[in-house]
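> Quick one: the structure is below, and I'll ask about it shortly.
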Amino acid sequence: MKPNDDDPDRVGDWVNISKEQWLLCALLSGIVFVLMGLLGTVWILGIADFGLAIDDLGVRARAAGPIGAFLLAIVTFFTIGWRGKVQEDQAVEQRRANDSTDENNLATLLQKGAELIVNDEKRVEVAGVACLEAVVTAANQRFAAQGMALLAGHLAKKYSAKQNSYVPAAIRQALELGFLHGNTTRGTVTLKGESAATKWYGVSGVAHVTFEDAIFGGDLSDIYRCNTKCKFRRVTFRSEVIQNGGAVYRNCRFEGCSITGFDLAAIGYNEFLDCDFSNCQFTYSEDERPDLLPLQGRGNYYWRDKAPVILFNSLEIDWETKLEVVDADDIFND
């Protein structure tokens, strides 16, 4: 297959001339060089003067020398250009061959991983996860999307309520590594706990994740860092830092958390206990006054001079009537 000069995989910096054109120029310049060399030799030896009668042989040789050097330089230039184009085309073909080999290997890994990951034996299952991890972290991203989808789907199907074992931990790690390589599956993963004792952990590389009925035992910063769109239903958070990261919380319980950002309209759908709202940046886009009853009388507080604020809204709230105000002296005197 003849390489396309407009191919983005071209590796050289040669001007856009084909190797055939370079070769033609080299041959023509070589023919001109040979002919001019023969004519120059005839003239230097005095066999014919071509209207340039110079008696001294040395003078004729010195006069013809620069012309011969110039012609030789032209021949050399076109020869180097032709050789460079040949090497570039060979490099492109080699790269394509390597890419084809890589894609075949990745396709094999993807198929093998899909087969192993559904095995009931944990060791075999982890081997399948490792195969898919190699696919989603490879430099060639040809099958990365499929690998991410297989990992996320398996996590939701088999380990929705069993997040504490080493297999789902391996899956989450593979998804995170895939995310760090620029891959995100577009699907939605729903994780449903079997009991309130189930612990959830952040899932990277998935566009949408829904957590239901459990305790969040991971690090929410992972979710915010990965820009994962999350929905939490009936999930308990303890000692977490809650940011305004686009997550949706419904019927959740926050215990001893530091709330740095939250949708003010969602306060009425959740429960807060002993949470710190110092300098919390609320968002609110509705006209009616929000339901702040879940904040009152439950130990929720903010440090004096660090009252919460509402961004991009003129709504005024007397926070001292909704939250406890804590002074440094109060802490030291306890």
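> Starting from the 7 Å offset along Cα-to-Cβ, what nm value, one decimal, do you get for the label separation of His208 and Ser18?
5.2 nm
> Additional query: Provide the gained length on full extension for the span Lys229 to Asn279, in nm with one decimal, where the gain is 0.36 nm per separating residue minus the Cα-Cα distance.
15.6 nm
> Another question, if that's okay. For the charge dipole of region 232-334, defined by +1 on Lys and Arg C-beta atoms and -1 on Asp and Glu C-beta atoms about the Cα centroid, which residue among Trp303, Leu315, Tyr284 has the Cα displaced farthest towards the positive pole?
Tyr284
> Something else: How far apart, in nm, are the 7 Å Cα→Cβ label points at Asp120 and Arg83?
6.7 nm
> For Ser160, what residues show an amide H to amide H distance below 5 Å, using hydrogens built from the backbone and excluding near sequence neighbours?
Hits under the 5 Å cutoff: none.
> Under a plain spin-label model, where a point goes 7 Å from the Cα along Cα-to-Cβ, how far apart in nm are Glu271 and Asp305?
3.6 nm
Values quoted throughout were computed directly from the atomic coordinates according to the rules given, and no laboratory measurement underlies them. As the structure is a prediction and not an experimental result, all values here were calculated from the model. Here the Cβ is made from the backbone with ideal geometry for all residues, glycine too, and neighbour counts use every protein chain on show.
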